[in-house]
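Participant: Sharing a structure below in structure tokens format, with a few things to ask.
The values are calculated or read from the model by the stated rules, or taken from the named source; none is laboratory data. Since the model is a prediction, treat every value here as computed from it, not as a measurement. FYI the Cβ positions are ideal-geometry reconstructions off the backbone, even for glycines, and counts take in every protein chain you see. Quick note on the areas: whole protein, heavy atoms, side chains included, nothing else; ligands and nucleic acids left out. Shrake-Rupley method; radii C 1.70, N 1.55, O 1.52, S 1.80 Å.
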Amino acid sequence: MPIEVKPRIVVLYGSQKGQAQSIAEGIAEEAEGHGLLAELSCLDQKDKYNLEKEKSPVVFIVSTTGDGEPPDNALQFVKQIKKKAHTSDHYKHLHYALLALGDTNYENFCNCGKTIERRLQELGAQKFYATGYADDGTGLEVVVDPWLEGLWKAVKAALTKMASDRSFKEDSGQTISDSSIPDVQLNLLSLTNHQPPDLDPKFASTGSHVSSPFVEGVILTTPPAEIQNADPGISNAPSLSQSVPPLSDLSLNVPSLPPPFLDVSLQEGDTVDELFGPLNSETLNEVPVSRAVCLTTGESVKTAILIELDVTAYPMLTYQPGDSFDVFCPNRGSEVNQLLRRLGLEDQKNHHVQVSLLENTKKKGAQVPSFIPQNISLLYLLTWCLEIRSVPKKAFLRALAEHTADSGQRRRLQELCSKQGSADYNRFVRESSVSILELLDAFPSCSPPFSIFIEHLPKLQPRPYSAASSRLQHPGKLNFVFSVVEFPPCSGRPVGRRGLCTGWLFDLVAPLLVHPGKAESQCHVAAPRIHVSLRPNCSFRHPPDTSVPLVMVGPGTGVAPFIGFLQQREKERQRNPDAVFGETWLFFGCRYRDRDYLFREALEGFVSSGTLDHLKVCFSRDNRREEEDVVSGGPPRYVQHNLLLYSHKIINILLKHSGCLYVCGDAKNMAKDVNDTLMEMIKSELQADQLEAMKRLAGLREEKRYLKDIWG
Ligand code: FAD
Ligand code: NAP
């Protein structure tokens, strides 16, 4: 009997927070059901794949992070593929499909995927399926689900084509040109969120074998009795846990159940986490907080706090203004305890967690998450390793549904992860940032095993903050400023809560917090300590040549790095009075002059000392009527309106005097709007068209004279 050899596909992913990875894993798992053998690798596992010789179809799933950067584990790959030395037929042999994940709330949407796509095309690779650009801003699944649905047909077509090309070549001894390969993608839709694909109604289908890899037909035409007999007194509005027609009457397509892959046991015994803090690493420093000052006052503003760290004894924390550093914060103790209680594991919190791979797991490429250390207690795991506040993904909801006894609650969880329930998922889970704990509260009959928490929760990430000081001005000190994130109450969250790190810092420094207008008193409480590590950002730094003119744009806490720049400049001016210093502009914005004008005294001091030539401040809510804006002649509201007022001077500085422009702060709205305003300024100052303006701006970026440090 001849041995049947399954056709191979290669699945490669670059993933920052695990979304691209879990999609890639899903593809690898489903491949078998389609008669294929999938080889799954991360892009940084270079020993596991070889694109230079790859003859099978390759599927790339790549995300984008920060301001258009590749995820850490795709950095080397992107660097390598961008090498100019590659010839235009370097990847002529390669057949690929690509799914790019991004977020249109940030600039450079899907930049990593687009870069890989562009280079693959430039190097002769052949695309066998239309590239998908999925937008986390509106819901990845809008593009991901149909893209996955169409993938298998495209893979099979590509395999057939490749096989027939090979036999044609072998039979005729000829080489065929790429153009003779019919382009499978011609039959496919270009899948972007901007142009939602016209979905085939088959998508909502019936368990046929060729359905989407992630979609299993689950037909529940009759809602469970609980829903049918709902108390008429109960509100008919949908909520996190309550379903209403038409959704409650629909048949659902839910993702296939993620196969369990971890074996987790809890055992009595010694653990080595008595040093209760994030895992020791060479770059981590536990530093004392020497001062904490509240920079805001009154209502209707975000509370902003300045923290001064005493880093005298920490040479590892030798920073430059513009650098940022990571703060490692634990999950909130009360939430950890609540979760332990909810899972019935309170008595075992000091037990030793043993995690290993489940024998015979069906999950392809299953691994014990690398961020789960050996010899830790359950309490440590929940406190320092897992992001228990993270918004549960649909796959997690799907897994939770399996462990929910009440049929009404199970149906609602199925709805929330289904294609039909996407809008409800976005509204009640994603946009409300519902955590797993809040979800378990809303679904009391859900009793999941602990292993699925390690399978589905991401690593607890440290939070970066920008240095707001210069060591020249404040030797041995490192200052930063943060605004306290507030999550309002919503369906599933009866009481609002603070952001994880900012809420933790707020509580930690409360005993020593100095409020505006109050004198700093001698503090008698022991200095709290926090774990930090430096993440040097070599590009967002003051230019080495002090004669270069600077334009700084930083509303809200985005002003932080510029305080460092200006402190440094002030010191340098004192040290070298004869040196040439370029013109400096700072555009700052806040809501009210007398409530959240951060660093007002310091900024006015820089102006008085001549360190800052132009300080342009706007107040977005001071005596402002709703309809007032810069066009109607009101005072400038946002930093970009002030930029427009000084358009001529700013464009001159940037384009005629080789100045540098720095933007720091919110990425979702401010940085995008500032970028659009800059385009308008260039267009009107140079009488240029859109394309020319874009080129000018791109030129500034390439010359590292338009630098951004932005986040949402
Ligand atoms: P989390 O608990 O992580 O919650 C924040 C998340 O919730 C965000 O995704 C946000 O979009 C979302 N969110 C916020 N409010 C709501 C709401 N009401 N409803 C639903 N979702 C909401 N921040 C500073 O304040 N100062 C800095 O100097 C600074 N520098 C940074 C430098 C860099 C390089 C980067 C990448 C980020 C910087 N940040 C800075 C942001 C900072 O790292 C944290 O993201 C921020 O402080 C929030 O952390 P958190 O843990 O309190 O919030
Ligand atoms: P904020 O208080 O929310 O906003 C400051 C000012 O900006 C307010 O007056 C606000 O006006 C205005 N604003 C709102 N939308 C705007 C827009 N589209 N364009 C211009 N201005 C706009 O600011 P924040 O909370 O301190 O900081 C903003 C974000 O930046 C935070 O998420 C923080 O985490 C992040 N951050 C990042 C870095 C970094 O990446 N290095 C550094 C510091 C801070 P209204 O509120 O009246 O609309």
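Participant: So, in segment 471-486, how many residues would count as being within 13 Å of ligand 2 (Cβ to nearest atom) and not in a loop (DSSP other than H, G, I, E, B)?
Facilitator: The qualifying residues number 6.
Participant: Another one. Considering only residues that are among the aliphatic types (A, V, I, L, M) and more than 13 Å from Met681 (Cβ to Cβ), look in segment 695-708 and name the one that is modelled with the highest pLDDT.
Facilitator: Here the residue is Leu707.
Participant: Which residues, counting only those in segment 71-86, are touching a strand residue (DSSP E or B) at 6+ places or on another chain (Cβ under 6 Å) and part of a loop (DSSP other than H, G, I, E, B)?
Facilitator: Correct list: Pro71 only.
Participant: Go through segment 656-712 and report how many residues are among the hydroxyl-bearing types (Ser, Thr, Tyr) and buried (at least 18 other Cβ atoms within 10 Å of the Cβ). Can you show your working first?
Facilitator: Of the residues in segment 656-712, the ones among the hydroxyl-bearing types (Ser, Thr, Tyr) are 658, 662, 677, 684, 706.
Filter once more, so that each one left must be buried (at least 18 other Cβ atoms within 10 Å of the Cβ): 662, 677, 706.
Going through segment 656-712 one residue at a time, the tally reaches 3.
Participant: Can you tell me which of (1) under 26 Å from the mean Cα position of the chain (by Cα); (2) within 16 Å of ligand 2 (Cβ to nearest atom); (3) not aromatic (Phe, Trp, Tyr) is the one Ser432 doesn't meet?
Facilitator: That leaves (2) as the condition not met.
The rows are residues; the columns are (1) over 27 Å from Gly556 (Cβ atoms); (2) among the hydrophobic types (A, V, I, L, M, F, W, C); (3) modelled with pLDDT under 90; (4) in the same structural domain as Leu566 (by TED's automatic domain parsing).
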residue	(1), (2), (3), (4)
Asp273	yes, no, yes, no
Phe276	yes, yes, yes, no
Thr296	no, no, no, no
Ala313	yes, yes, no, no
Arg332	no, no, no, no
Asn350	yes, no, no, no
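Participant: Are there any pairs, at least 6 apart or on different chains, whose C-beta atoms fall under 7 Å, with the first in segment 483-497 and of a type in the set (Asp, Glu) and the second more than 6 Å from ligand 1 (Cβ to nearest atom), and if so, which?
Facilitator: Matching pairs, first to second residue: Glu486/Gly496; Glu486/Arg498.
Participant: Still on this structure: Filter segment 116-142 down to the residues that are in a helix (DSSP H, G or I) and under 23 Å from Ala158 (Cα atoms) and list them by number.
Facilitator: Residues of segment 116-142 that are in a helix (DSSP H, G or I), as a first pass: 116-122, 141-142.
Of everything in segment 116-142, those that are in a helix (DSSP H, G or I) and under 23 Å from Ala158 (Cα atoms) turn out to be Ile116, Glu117, Arg118, Arg119, Leu120, Gln121, Glu122.
Participant: Find the residue count for segment 368-380, including only residues that are open to solvent by 60 Å² or more (accessible area, probe 1.4 Å) and within 18 Å of Glu25 (Cβ to Cβ).
Facilitator: 1
Participant: Can you report the number of residues in segment 678-712 which are farther than 17 Å from Leu550 by Cα, within 16 Å of ligand 2 (Cβ to nearest atom) and within 25 Å of the chain's Cα centre (by Cα)?
Facilitator: Matching residues across segment 678-712 total 3.
Participant: For segment 387-401, state whether one or more residues are open to solvent by 30 Å² or more (accessible area, probe 1.4 Å) and at pLDDT 95 or above.
Facilitator: No - not one qualifying residue is present in segment 387-401.
Participant: Still on this model: Look at Gly113 and say whether it is touching a residue at least 40 places away in the same chain (Cβ under 8 Å), under 28 Å from Ala395 (Cα atoms) and small (Gly, Ala, Ser).
Facilitator: On the way: touching a residue at least 40 places away in the same chain (Cβ under 8 Å): yes; under 28 Å from Ala395 (Cα atoms): yes; small (Gly, Ala, Ser): yes.
Yes; evaluated as a whole, the condition is true for this residue.
Participant: Mind listing whichever residues of segment 340-367 are part of a loop (DSSP other than H, G, I, E, B) and crowded, with 16+ Cβ neighbours inside 10 Å?
Facilitator: Keep residues of segment 340-367 that are part of a loop (DSSP other than H, G, I, E, B), which gives 343-345, 349-351, 358-367.
Hits for segment 340-367 are Leu343, Leu345, Lys349, His351, Leu358, Lys363, Lys364, Gly365, Ala366.
Participant: Looking only at segment 637-669, count every residue that is in a helix (DSSP H, G or I), in contact with a strand residue (DSSP E or B) (Cβ under 8 Å, 6 or more places away or on another chain) and within 16 Å of ligand 1 (Cβ to nearest atom) and tell me the total.
Facilitator: Residues that pass the stated criteria total 1.
Participant: Check off (1) within 15 Å of ligand 2 (Cβ to nearest atom); (2) open to solvent by 70 Å² or more (accessible area, probe 1.4 Å); (3) at pLDDT below 95 for Ser539 and give me the number that stays unchecked.
Facilitator: (2)
Participant: Being touching a residue at least 24 places away in the same chain (Cβ under 8 Å) and crowded, with 22+ Cβ neighbours inside 10 Å narrows it down to one of Gly333, Gly322, so name that one.
Facilitator: Gly322
Participant: On the given criteria, is Leu306 within 16 Å of ligand 2 (Cβ to nearest atom), under 20 Å from Cys501 (Cβ atoms) and either in the same structural domain as Leu566 (by TED's automatic domain parsing) or not in a helix (DSSP H, G or I) (or both)?
Facilitator: Details: within 16 Å of ligand 2 (Cβ to nearest atom): yes; under 20 Å from Cys501 (Cβ atoms): yes; either in the same structural domain as Leu566 (by TED's automatic domain parsing) or not in a helix (DSSP H, G or I) (or both): yes.
So Leu306 fits the description; yes.
Participant: Of all residues in segment 431-450, which are part of a helix (DSSP H, G or I) and touching an Asp or Glu at 6+ places or on another chain (Cβ under 7 Å)?
Facilitator: Answer for segment 431-450, where residues must be part of a helix (DSSP H, G or I) and touching an Asp or Glu at 6+ places or on another chain (Cβ under 7 Å): just Leu437.
Participant: Also, quick follow-up: State all residues of segment 672-697 that are in contact (Cβ under 8 Å) with a residue 60 or more places away in the chain and over 20 Å from His641 (Cα atoms); if no residue qualifies, say none.
Facilitator: Of all residues in segment 672-697, those in contact (Cβ under 8 Å) with a residue 60 or more places away in the chain come to 672, 674-675.
Answer for segment 672-697, where residues must be in contact (Cβ under 8 Å) with a residue 60 or more places away in the chain and over 20 Å from His641 (Cα atoms): there is none.
Participant: Can you pull out every residue in segment 464-474 that is closer than 14 Å to Pro315 by Cβ and crowded, with 23+ Cβ neighbours inside 10 Å?
Facilitator: Hits for segment 464-474: nothing passes.
Participant: Another question about this same structure. So, in segment 475-495, of the ones that are more than 8 Å from ligand 1 (Cβ to nearest atom) and touching a strand residue (DSSP E or B) at 6+ places or on another chain (Cβ under 8 Å), which residue ends up most open to solvent (accessible area, probe 1.4 Å)?
Facilitator: This residue is Lys477.
Participant: Could I ask something else about it? Take the residues of segment 498-512 that are open to solvent by less than 30 Å² (accessible area, probe 1.4 Å) and away from ligand 2 (no atom under 14 Å from the Cβ): which is farthest from Val434 (Cα to Cα)?
Facilitator: Of all residues in segment 498-512, those open to solvent by less than 30 Å² (accessible area, probe 1.4 Å) come to 499-503, 505, 509, 512.
Next cut, away from ligand 2 (no atom under 14 Å from the Cβ) only: 509, 512.
On the way: Val509: 27, Leu512: 32 Å.
Restricting to residues being open to solvent by less than 30 Å² (accessible area, probe 1.4 Å) and away from ligand 2 (no atom under 14 Å from the Cβ), the top hit is Leu512.
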